[in-house]
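Below is one structure, written out as structure tokens; comments come after it.
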Amino acid sequence: WFFFSRCKEGKFLIFVLVIVCLFYSVNCHVVCLFVYVDQDINKRLSLPADIRLPEDYLEKFNVIGPALFDQPISRRLRRVSLSEIGFGKLETYIKLDKLGEGTYATVYKGRSKLTENLVALKEIRLEHEEGAPCTAIREVSLLKDLKHANIVTLHDIIHTQKSLTLVFEYLDKDLKQYLDDYGNVIHVHNVKLFLFQLLRGLCYCHRRKVLHRDLKPQNLLINERGELKLADFGLARAKSIPTKTYSNEVVTLWYRPPDILLGSTDYSTHIDMWGVGCIFYEMSTGRPLFPGSTVEEELHFIFKLLGTPTEQSWPGVTSNSEFVAFNYPQYRAERLGNHTPRYLNFEGKKRISADEAMKHPYFSSLGNKVLSLPDTTSIFSLSEIHLEKEASREPVPVDPGNDTHTHTHFLCCYFWFVLFYVFLFSTSSLLIIFFKHIEDSMDYFLAKFLLLSQEDKAAFQTQSIQNE
């Protein structure tokens, strides 16, 4: 500084250096402010952290500076803001593959232009006379308030004249597909992780008086990391107190508790716990616990395993007209594992709760930290939690557009097998003929030798010696 300040050129260089420092200081401040504003507006609008806000959106609403955040964002401003970003518009998402189709909806695999992440697009067809199905309305109304690491996230809702599209986070497969991929054999540690996450998601729902009512492996989604999430809340219900006004036509038959099968509509959160027990058994053994095709057959499977209920084991059951009409044989209960029976109790109020089940000694190997995680934090954020590698039982993938090599390989294998079999058969036949010929020749010479006279025998032997 002393050297440069002694001359005119040095003073000029110092001036330039100061200007450059000021320029970079202002730029850094602006960049930091942009980052701060971007993160803050994401938080204020309840947007995922990975969404990149368009620059024209930031400029239009003049968000450079903290003055915008002095007042709460109104509903109208939030709605306009989300629309400006791209939410609520079909063009924001690109359809990739069709994943499945049901009575009212079709599910596509898609990609978001905002995040470049994969999404699941559930496109519900709207009937002009009936409007949106009640299941779709129910699913939307519940999922928008359920924010949990083990519940599928609803990212966006797109309403057009012909359809209602729900945009969900994308997960690779459901539990049924996972079981199928590994030959219905899951690592015992992974069974424990999946069961704990199922209970964790249910516990969150039950604390908020929400019943899922349709638990089955197809409604439990799993990603590559091993995170399990509850999905398909179309039959779910929000309740404030236990009620008697629900329909008993809920829960897929295999996972439906006996009280519901016998026509009861007086139930609470315990309806989901029976399904948990059935899914736990299916993960552990690779086969469904009660695969009935009718209500009568389903009850027969249940009673055959758990024993036919009596007035002592299930008060009031003997006065149930449907139970009396079926006239089941008297079965004795079979022994189950020490954890499963708590889910599979005839009386709903005696079934274990999701919160209590998470604290069972069965999960002690996972540690205590999993019980104190925030709702939106995955259990895989803990270093000690990881998914074990499954024994590979997946079929070798075949490119449908390039079957020639596979067919040629099969034909070559078949050709060599046939050739080897012919060679083996031919060789065996030749050996049999050869030894048979030798045997016949020996018999012939032996018989001829025995019939010869003494002089002929002596001459024959002499001739043989000479030949040798």
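Within region 295-333, the set of residues being β-branched (Val, Ile, Thr), within 15 Å of Gly263 (Cα to Cα) and in contact (Cβ under 8 Å) with a residue 40 or more places away in the chain comprises Val295, Val317. Residues that are in contact (Cβ under 8 Å) with a residue 12 or more places away in the chain and out of contact with any helix residue (DSSP H, G or I) (no Cβ under 8 Å at 6 or more places or on another chain) were ranked within region 372-383; the one that is farthest from Gly226 (Cα to Cα) is Thr376.
Residue-level analysis places Gly110 outside the set of residues that are touching a strand residue (DSSP E or B) at 6+ places or on another chain (Cβ under 9 Å), modelled with pLDDT under 90 and among the small types (Gly, Ala, Ser). In the condition set (1) at pLDDT 55 or above; (2) closer than 26 Å to Tyr182 by Cβ, Pro400 is compliant with all but (1). The residues of region 358-373 that are more than 14 Å from Leu195 (Cα to Cα) and outside any helix (DSSP H, G or I), listed by number, are Gly367, Asn368, Ser372, Leu373.
Is it true that Ile158 is crowded, with 20+ Cβ neighbours inside 10 Å and outside any helix (DSSP H, G or I)?
On the way: crowded, with 20+ Cβ neighbours inside 10 Å: no; outside any helix (DSSP H, G or I): yes.
Against the criterion (crowded, with 20+ Cβ neighbours inside 10 Å and outside any helix (DSSP H, G or I)), Ile158 does not qualify.
Does region 283-303 include one or more residues that are under 30 Å from Val167 (Cα atoms) and at pLDDT 90 or above? Let's see the steps before the verdict.
First, pick out the residues of region 283-303 that are under 30 Å from Val167 (Cα atoms): 283.
In the following step, the residues that additionally are at pLDDT 90 or above were identified as 283.
Checking region 283-303: at least one residue is under 30 Å from Val167 (Cα atoms) and at pLDDT 90 or above.
Candidates in region 151-203 are the residues that are among the basic types (Lys, Arg) and touching a strand residue (DSSP E or B) at 6+ places or on another chain (Cβ under 8 Å); of these, the one that is farthest from Tyr362 (Cα to Cα) is Lys162.
Could you grab me the full set of residues in region 184-212 that are among the charged types (D, E, K, R) and surrounded by 21 or more Cβ atoms within 10 Å (Cβ to Cβ)? Break it down into steps so the answer makes sense when it comes.
Taking region 184-212 and keeping what is among the charged types (D, E, K, R), we get 192, 200, 207-209.
Scanning region 184-212 gives a single hit, Arg200.
Close contacts from region 360-371, counting a first residue that is β-branched (Val, Ile, Thr) and a second that is modelled with pLDDT of 95 or more and surrounded by 10 or more Cβ atoms within 10 Å (Cβ to Cβ), with Cβ to Cβ under 6 Å and a gap of 6+ residues or different chains, come to Val370/Ile379.
Considered as a group, the residues in region 139-154 that are modelled with pLDDT of 90 or more and not aliphatic (A, V, I, L, M) include one that is nearest to the chain's Cα centre (by Cα), and that residue is Asn150. Taken together, the residues in region 89-111 that are part of a strand (DSSP E or B) and either touching a helix residue (DSSP H, G or I) at 6+ places or on another chain (Cβ under 7 Å) or of a type in the set (Lys, Arg) (or both) amount to 4. Among the residues of region 272-321, those identified as over 27 Å from the mean Cα position of the chain (by Cα), surrounded by 18 or more Cβ atoms within 10 Å (Cβ to Cβ) and part of a loop (DSSP other than H, G, I, E, B) are Thr308, Pro309, Trp314.
The values are calculated or read from the model by the stated rules, or taken from the named source; none is laboratory data. Since the structure is predicted, the reported quantities are computational estimates derived from the model, not experimental observations. Methodologically, a virtual Cβ is constructed for each residue, glycine included, from the backbone with ideal geometry; neighbour enumeration extends over all protein chains shown.
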